[in-house]
1. Roughly how far apart, in whole Å, are the Cα centres of the stretch 243-261 and the stretch 577-650?
2. Along the charge dipole of the stretch 186-271, Cβ charges K/R +1 and D/E -1, which of Thr205, Gly255, Ser271 sits furthest on the positive end?
3. With +1 on the Cβ of every Lys and Arg and -1 on the Cβ of every Asp and Glu, and nothing else charged, how large is the dipole of the stretch 328-378 about its Cα centre, in debye rounded to the nearest 20?
4. Starting at the first residue of the stretch 453-465, write each ³J(HN,Hα) from the Karplus equation 6.51 cos²θ - 1.76 cosθ + 1.60 with θ = phi - 60°, in whole Hz, x for Gly and Pro.
5. Taking N as the number of residues in the stretch 503-627, what is its alpha-carbon radius of gyration divided by 2.2 N^0.38 Å?
6. Between Ala436 and Asn773, what FRET efficiency follows from the Cβ-Cβ distance if R0 is 45 Å, with the result rounded to 0.05?
7. If you look at just the Cα atoms of the stretch 651-774, how large are its Rg and its Dmax in Å?
8. To the nearest 20 debye, what is the magnitude of the charge dipole of the chain about its Cα centre, counting +1 on the Cβ of each Lys and Arg and -1 on the Cβ of each Asp and Glu?
Amino acid sequence: MKKILFFTMTLFATSVISAQEVSLTQTIKGIIIDEQSGNVLHNATIILEGANSQASDISDSLGNFKLRNVPIGRQAIHVTLVGYEEAVIRNIEVTSSKEVVLEIRMKERVKKLEEVVVRAGKQKSRALNEAAVVSARQFSVEEAVRYAGTRNDPSRMAQNFAGVSGANDARNDIIIRGNSPAGVLWRMEGIDIPNPNHYSTLGSTGGPVTILNTNTLKNSDFITSAFPAQYGNALAGVFDLRMRNGNDEKYEFLGQMGFNGFEFGAEGPLSSKTKSSFLFDYRYSLIAVIQKVGLTVGTGSATPYYQDINFKVNIPTRKAGTFSWFGLGGESHIKFDAIDKDNLYSTNDGSLRDRNFHSSTGVTGLTHTYFFNSTASGKLMLAVSGLDSKYRETFYNTQPDSIAFYKKNTQIKYYAGYTFNKKFNSKNQLTAGTGADFNRLKLRNDYIPNGSPVLTTLFDTKKNAVLLKSFINFAHRFSDKLSSNLGMYYQLFTLNNSQSIEPRWNIKYQFRPNQSFSFGAGLHSQAQPLEVYFYETRNAGGQTELTNKDLGFVKSAHGVLGYDINFSRHLRLKTELYGQYIYNAAVEKTASSFSMLNSGADFYFPDKTNLVNDGKGYNYGAELTIERFLDKGFYYLFTASLFESKYQGSDRVWRNTAFNSHFALNFLGGKEFKINAKTSFGIDTKIACAGGQRYTPFDFAASAAAGYVVFKENEAYSLQNDTYLRWDLKVSYARNGRKTTQKWYIDFQNLTNRKNIYIRTLNPKEGTTGVINQIGFFPNINYMITF
């Protein structure tokens with residue numbers, strides 16, 4: 001024992017001496033591009049900030065630059081170019097194991113003699129899509145990894161933003177301004193993609209575990225309302241993701257172990273002559289190991305299995321443009337035993353059932369970007385995506401298995417689209433595009449209706465459905481202070497020939513160097529979840545009818561007013577007021593409280609037939625963001641959202657929506673401590689507080705009489721769980737070696753072990769009620785090495 005202690009102390013002392021003697025450096029490189037045209041900019045000057053720094057470079061004819069021998073740690077660079085606003089990029093994390101690759105966008109000045117400086121905070125708070133000037137901000141990959149409680153999940157990271165509610169530990173649904181999470185659009189590399197989560201189902205947008213990998217993403221856009229004309233078939237918001245390119249000069253590797261699984265990643269050049277590169281990452285579930293040591297992750301004692309891949313190949317050419325091939329996909333399955341005391345699911349009739357769920361989802365796409373000249377470009381996009389989900393319930397202890405519920409949905413979607421972008425000058429820009437989603441569907445659902453012993457088919461179909469989409473957007477800058485976007489979006493659904501023409505407009509006025517007002521308005525629409533169109537019912541003659549097939553788009557008019565002020569380059573305040581009016585929502589033909597606006601936060605959708613576009617809804621609220629960007633190792637973020645969300649069913653009664661929790665508050669903060677030149681230590685914390693989830697009360701007398709759970713539908717969503725409260729605390733440690741970087745962290749989630757309610761249950765036969773709580777105290781441990 002003494003020998004081991006002596007050896008450990010010697011090793012530690014040696015590492016400290018080594019840290020003091022060796023000065024580790026790395027390379028920062030990247031590309032400079034014009035924000036409006038997307039073309040490369042040459043002759044830009046790039047300088048590393050610091051009194052003792054001599055690192056600088058000038059971008060070449062391809063826009064590339066390289067700063068060598070940059071000391072590890074947090075760094076900042078300044079980029080200047082005649083006729084363009086200066087860009088300052090701060091808090092670049094430089095490690096010894098991986099080169100830093102940046103994409104820096106610069107905006108051309110309208111007044112060439114006016115000096116305009118774009119500070120780091122200002123760039124970060126502004127969306128990458130210059131047409132998104134309201135209710136939009138950048139999603140930073142570095143923040144997604146840094147923030148406590150996010151589990152390296154982009155969806156959970158977005159739940160910290162103003163206007164977003166996420167008071168459900170079991171799923172990562174993004175609930176924006178009281179809207180259903182089914183109204184969120186996911187996009188990758190300019191292509192609309194299926195639900196990027198494990199255990200996903202057709203039409204849903206969330207799940208327990210993400211397929212997305214923060215190690216393969218780069219900064220992206222998150223938009224919560226009044227989004228510009230480039231986006232459609234969505235009511236709530238847009239997550240516009242971008243995948244980074246692999247290093248085109250050096251092979252680099254990654255190994256990681258944590259909540260999201262065992263992970264291996266690799267990247268590097270395919271050809272040093274063409275600057276082509278690859279990026280690949282694979283993960284396999286670690287949850288089974290966590291459960292075996294007696295900890296819970298919010299899914300009961302059932303063991304979830306999943307695996308996923310993310311990849312991208314980038315091939316630039318000198319004359320034929322740039323080709324990119326990307327993909328992501330995942331497979332997942334889980335089994336819940338009927339007699340499992342931790343089973344999170346109950347049945348309406350109190351019967352015991354075994355449950356099996358399997359899901360596979362993925363997308364792969366090919367893009368080709370070509371510049372006709374320095375100011376005009378086109379992008380061709382081709383993709384195929386697929387989703388296959390299967391869920392089966394069987395009555396416990398029956399031979400052979402007696403099926404109580406069976407659902408299998410398969411969707412194959414082919415996409416083709418083209419976008420054209422033209423920058424006329426520093427003031428005017430035109431962007432237009434068109435595309436088509438060709439859906440091949442194979443859907444089946446058998447179930448036993450409440451009060452019936454007979455297995456009944458809800459739908460069994462093999463159909464095709466096409467969604468045609470087009471848009472045009474004109475951007476005009478009246479000056480460096482005043483800019484506006486005017487656009488139009490159009491879509492047509494060939495299944496029933498529903499169509500929608502949607503104007504969009506926004507304006508931003510930078511009335512002082514550090515202050516601005518913004519306003520945006522627009523019309524938005526969305527198709528129903530695809531399976532809903534094919535629900536079957538029997539008419540009086542016994543014939544099958546698809547009573548939902550002619551449902552049109554649900555529509556929503558958005559309006560947003562925003563104010564933004566930067567008190568300094570590190571401190572920012574933003575507030576927004578918004579209103580949304582929803583109409584043509586799907587409700588029942590006969591008078592009831594039902595509306596499809598309340599669905600989307602579960603794995604499946606209500607089995608309602610005879611729906612019509614006669615429902616309404618509205619959302620309004622106010623939001624506040626106070627953010628200190630990372631400076632001298634310290635940051636914090638405070639967001640507050642106050643909102644009201646109501647809907648009207650076919651009974652014409654206004655009620656709270658399922659997502660009307662009224663408020664959401666988040667506070668995040670953290671501090672990095674530099675121990676020596678190689679080593680750092682960090683503490684991050686998060687406190688989340690939100691209104692409890694809404695629910696409909698049980699009708700105990702009717703349930704006892706019927707033998708299955710009956711709700712008081714006339715009191716839909718009239719009750720609310722207690723306030724959701726959760727505190728997370730994260731401790732991290734990082735160490736740089738000569739060619740490796742190792743990072744450890746332990747994230748203590750729900751540190752106080754607060755019992756937030758997940759679901760309420762009723763056994764109609766026994767008349768007993770119960771609650772199942774969300775995740776308790778859970779330490780999420782993660783280790784990563786890059787080399």
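The values are calculated or read from the model by the stated rules, or taken from the named source; none is laboratory data. This one's a predicted model, so the numbers in the text were calculated from it and none came from an experiment. Please note: Cβ atoms are built from the backbone with ideal geometry, for glycine as well, and neighbour counts cover all protein chains shown. Accessible surface is based on the protein model in full, side chains and every heavy atom, while ligands, DNA and RNA are left aside. Shrake-Rupley method; radii C 1.70, N 1.55, O 1.52, S 1.80 Å.
1. Spelled out, the Cα-based centre of one part sits 36 Å from the other.
2. Of the options given, the answer is Thr205.
3. In debye, rounded to 20, the stretch 328-378 gives about 160.
4. Computed from phi, the couplings for the stretch 453-465 are x, 9, 6, 10, 8, 7, 7, 8, 9, 10, 9, 10, 8 Hz.
5. 1.51
6. With a Förster radius of 45 Å, E is 0.50.
7. My reading of the Cα-based Rg and Dmax gives 22.8, 73 Å.
8. 1700
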